[in-house]
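Structure record follows, encoded as structure tokens.
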Amino acid sequence: MSERDLSDQEEIHSKVLRAGRRTYFFDVRSTKAGDYYLTITESKKFTHDDGSFHYKKHKIYLYKEDFDAFKENVEEMMDFIINEKGSEVISERHQKDFKKEDSETEVEMPVENTTTSSSFTDVSFEDI
């Protein structure tokens, strides 16, 4: 059997998650002994100034004996993040409609009439 045939035989089940410039591959593979393990690969695209690009990949091998502890740690870390910062994405760079603006461009905001009576939106900064 060729090396390519062995590689195809090892891959049992796959799933892909695309997330912006990153792509995550979840692959169930088979050991020589016939047992299964999981590989998680992060692939990130980098574009050069000339328009060419390359990918950087990082891979994690996860074996069954580590599944419970790995899952517990990932869940604990995700719960911590959600509890501390909520589920809303804070960085605007991660928003789907984010467009990098030139730092010299200023956006003009309409000025509202401030001569109306006081309301809860009136703010005094003298106490700060």
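Derivation of every value follows stated rules applied to the coordinates shown; laboratory data play no part. Predicted, not measured: the structure shown is a model, and the values here were computed from it. Glycine gets a Cβ as well: all are built from the backbone with ideal geometry, and neighbour counts include every protein chain shown.
Within a Cβ distance under 14 Å of residue 65, other residues only, what is the Lys/Arg minus Asp/Glu net charge? Could the numbers behind the result be given before it?
Numbers: positive: 64, 71; negative: 35, 66, 68, 72.
Summing Lys/Arg as +1 and Asp/Glu as -1 gives -2.
Which length gain, in nm to one decimal place, applies between residue 14 and residue 91 when the Cα-Cα distance is subtracted from 0.36 nm times their residue separation?
Working: separation 77, 0.36 × 77 = 27.72 nm, distance 3.02 nm.
Length difference between fully extended and current span is 24.7 nm.
All other residues whose Cβ lies under 13 angstrom from that of residue 79 are scored, Lys and Arg at +1 and Asp and Glu at -1, for a net of -2.
Compactness of segment 3-87 was expressed as the Cα radius of gyration divided by 2.2 N^0.38 Å, which yields 1.39. On full extension, the segment bounded by residue 72 and residue 31 gains 12.3 nm, given 0.36 nm per residue less the C-alpha separation. Seen from residue 40, the other residues with C-beta closer than 9 Å to its C-beta sum to a net charge of -1, counting Lys and Arg as +1 and Asp and Glu as -1.
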